[in-house]
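J.: Below you'll find the structure I mean.
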Amino acid sequence: MVEITSIDLLRGWPSADLLPTSILEEASKRVLNDPALSTPSLSYGDEPGYEPLRESIATWLLQQYNTPWTVPERICISGGASQNLACILQVFTDPTYTRNVYLVAPTYHLVCRIFEDNGFVGRLRAIPEDDDGVDIAYLEASLAKHEMESNGSDQKATKRPQVAQKHYKNIIYTVPTFSNPSGRTTSLDRRQQLVRLARKYDALIIADDIYDFIQWNSTDTNPPPPLIPRIVDIDHVLDGGPTTPFGNAISNASFSKILAPGLRTGWTEATPTFIRGLSQCGSSVSGGAPSQFVASVIAQTLRNGTLQDHIEKVLIPSYKRRYQATLCAIERYLLPLGVVLEGKTKGPMQGGYFVYFLLPPCILAKEFVLRASQDEAVLIADGNMFEVHGDEDAVPARHGVRICFAWEQEDFLAEGLRRLGKVLASMLEPEPSVVNGRSAINRISIES
């Protein structure tokens, strides 16, 4: 049997061809060759993070979102979105006081463990979404139900009060723009409703905004679509602004998808009071700001514009081609077999890393993924991965499949989807009604 080339449509990483090694090399040399830059970058940093990077991020975000309130005091540097989520939970939740974590589902498959590690095993709640984002009515019903069940009998927090620290009663986790895995983007109206709901039920919205800058217009002639206001910005202005100094929404962002995941550097934007509390997380106070040296390198790429150029001239054109090639192949090889695409794939606003589709009801994703790997050497993600731990039946994803178009070589995307079409067609073929010879007797014996 001839071995065929493996095609990886599972890994949610940027392609190795898109890693900006020359940009990072130039920025690193600039830092290391100047003692005024190298000394602070190689030392322990201030808890909120490397100040020149905070300043550069604030300037960049102001330009992107037209948010004059985005200032360095609202920015805290992190060791990436995942590490930052853990720090947020350490400072702003208490498992004896915080009731539940609500996750828009299907959800990012590795996030459940972070919540469970912080004491929320058995208290993760799946909230469904549609093409406009989180189902607000479903979420409010769940929040109200648990509010009624508590009936004012909330236990006191056991964590010792710290400077600029607040414990929220509820946590809401979402990837509002080009969600992983569904690729959906939450509408402006739903974002506003979500903020009002968070204020009503003392909830903190943790918005993973890591795909915001990877977007494009579906046509070549129109300019890029405007960015939808982030939930953290809506919280800043909606109905007069935050109802507490801490606010009810934060933006959790990262350089992993726009520079390189190995840099392990990101940032939070929130109210100055929230940022002060987050910067006093024990690991930051003890070890100083995370990613101090890398932060100094990234600051150079923002200040000289090489990061912005990389996004605009390298990443977006490549991901747009990849996305369109993936959609064309799905339409050719899978839609005729009964596959249904999720999300607004034909809208003017496109982006992110993923395409998500549903298999015909008679096909389970887990079986399809196994057959794709065994028969055609194609790796993909089945929907079961993205169900919320402990609440799987609330929003089941047993027929869902996620395709990542960011990692594999561009020329292999269509071939991978052709092979998936071949697998699905074989799984949909009816079994022969007549089997000749002894095999028929054996089959009857086995089935009886």
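J.: Based on other C-beta atoms within 10 Å, arrange R402, R419 from fewest to most.
T.: Least crowded to most crowded, the residues run R419, R402.
J.: Could you tell me how far the Cα centroid of region 54-131 sits from the Cα centroid of region 136-179, in Å?
T.: 13
J.: Going highest first, how would you order 98-107, 311-320 by mean Cβ packing within 10 Å?
T.: Final packing ranking: 98-107, 311-320.
J.: What's the angle, to the nearest 10 degrees (0 to 90), between helix 413-428's Cα axis and the longest principal axis of the chain?
T.: 50
J.: Given R₀ = 30 Å, what would the calculated FRET efficiency be for S373 paired with K29, taking r from the Cβ atoms and rounding to 0.05?
T.: 0.10
J.: What nm value, rounded to one decimal, do you get for the distance between R321 and T243 when each label is placed 7 Å out toward the C-beta?
T.: With each label placed 7 Å out from Cα toward Cβ, I get 5.0 nm.
J.: Starting from the Cα-Cα distance between Q90 and S218, subtract it from 0.36 nm times their residue separation and give me the gain in nm to one decimal.
T.: 42.0 nm
J.: Around I275, under 11 Å between beta carbons, what's the net of Lys plus Arg minus Asp minus Glu among the other residues?
T.: Overall, the nearby charge balance is 0.
J.: Could you put K169, K344, K257 in order, starting from the residue whose Cβ has the fewest other Cβ atoms within 10 Å?
T.: Result, fewest neighbours first: K344, K169, K257.
J.: Can you give the angle from 0 to 90° between the axis of helix 292-303 and the longest principal axis of the chain, with both taken from C-alpha atoms, to the nearest 10?
T.: The answer is roughly 90 degrees.
J.: Please find the FRET efficiency linking W69 to L335, where r is the Cβ-Cβ separation and R0 is fixed at 60 Å, and quote it to the nearest 0.05.
T.: Step by step, r from the Cβ atoms, then E = 0.85.
J.: Pull up all non-local amide H partners of A381: gap of 5 or more, or a different chain, and H-to-H distance under 5 Å with H placed in the peptide plane.
T.: R402
J.: Would you please give the residues with an amide H less than 5 Å from that of Q350, counting only those at least 5 places away or on a separate chain, with H modeled from the backbone geometry?
T.: W216, S218
J.: If you don't mind, there's one more thing I want to ask. When a footprinting reagent is the concern and you count Cβ atoms within 10 Å, what order do F92, F293, F115 take, fewest first?
T.: F293, F92, F115
J.: Follow-up. Using a Gaussian network model of the chain with C-alpha springs under 10 Å, which one of V401, V339, V388 is most mobile by mean-square fluctuation?
T.: V339
J.: Order 7-18, 26-37 from most to least packed using the mean count of other Cβ atoms within 10 Å.
T.: My ranking of the peptides, most packed first, is 7-18, 26-37.
J.: State the extension gain, in nm to one decimal, for the chain segment bounded by S426 and T59, taking 0.36 nm per residue of separation less the distance between their alpha-carbons.
T.: Answer, rounded to one decimal: 126.7 nm.
J.: Moving on to the next point. Taking the Cβ of L103 as the center, what net charge do the other residues with Cβ under 13 Å away carry, scoring Lys and Arg +1 and Asp and Glu -1?
T.: Cβ neighbours under 13 Å give a net charge of -4.
J.: Right, another one. Mind putting together the pair-distance distribution for the chain? All Cα pairs, 20 Å bins, whole percent per bin, short to long.
T.: The calculated distribution, bin by bin, is 24, 53, 20, 3, 0.
J.: As a test, work out the antiparallel percent of DSSP beta bridges whose residues both lie in the chain, rounded to the nearest 5.
T.: Once the DSSP bridges in the chain are tallied, antiparallel ones form about 55 percent.
J.: Could you check the spin-label model distance between S43 and T158? Points 7 Å from the Cα along Cα→Cβ, value in nm.
T.: 4.0
J.: Nearest 10 degrees is fine. How inclined is helix 365-376 to the longest principal axis of the chain, computing both from alpha carbons?
T.: So the helix axis and the longest Cα principal axis differ by about 70 degrees.
J.: Eight or more residues apart or on different chains, and alpha-carbon atoms under 28 Å: count the Lys pairs in the chain matching that.
T.: The number of close lysine pairs in the chain is 29.
J.: Take the alpha-carbon centre of region 359-407, take the same for region 241-313, and report the distance between them in whole Å.
T.: If we compute the Cα centre of each part, the gap is 33 Å.
Since every read-out is calculated from the coordinates, none of them should be taken as a lab result. Everything numeric in this text was worked out from a predicted model, so none of it was measured. Virtual Cβ from ideal backbone geometry, glycine too; neighbours counted across all protein chains shown.
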